[in-house]
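Throughout, read-outs are computed from the coordinates displayed, never taken from laboratory work. All of these numbers come straight from a predicted model, not from anything done at the bench. All Cβ positions, glycine included, derive from the backbone under ideal geometry; neighbour counts span all protein chains shown.
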Amino acid sequence: MPVWSMKEILTCRELIYSDTPVAVVQDCFRRWGGIARYVLRYAQVENQQVLLEKAMDIVDLDWLVNACGQLDANDAQVSHRLLHYRQNFDSEYFVFASKYVQQAVYKRLYKNDKRKLLEFIAASDGVGALAVLRGHLFEGHVHSVLPRGGTFQVRHLVDNNEAYDDDDDLMENEWDSEDEMLTMA
């Protein structure tokens, strides 16, 4: 069953789970993503809500890589709590259940084996099956590094002759044109 949108969750809450406060449902959705069972049915059942934390407490990088490589992961109860399977017309992939899960898993991986995490991020660049996982972990890493400030090497994402959407997030005068470095304060 696909995950539900917030709109679907709130409509169902209104029709069937009206005794559950909206704030509780929204908090569960923030943590679980669109898994209706945990966001609605078990929203106020503590021994069910702790299952997400327990799943995050046992995850490691090897488990994530294996789960992304196997649609029928052996530990399906853990995998569906942390990862949601998505597919479109030309690809299938996993995403973290929510930003909350993504951040918590990144922090755990960084704390438990920083070297292995950073090596995975570097080595899996361009590896199709792991591209989405790498992207999410790289995003977590960037969000932990950038706030500290410093000088970062950057690269252009398009060739000079290609068009791109320049929405002025990064002004041209912020670039150090000599060595393509960006200084963040």
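Taking a Cβ cut-off of under 10 Å around P21, the surrounding Lys, Arg, Asp and Glu residues balance to a net charge of -1, with basic ones at +1 and acidic ones at -1.
For K111, give me every one of the lysines with a C-alpha distance below 21 angstrom, ignoring sequence neighbours fewer than eight places off in its own chain. Partners within reach: K54, K99. Shape class for region 1-131: prolate, because the ratio a/c of the largest to smallest gyration tensor axis (alpha-carbon atoms, square roots of eigenvalues) is 1.5 or more and a/b beats b/c.
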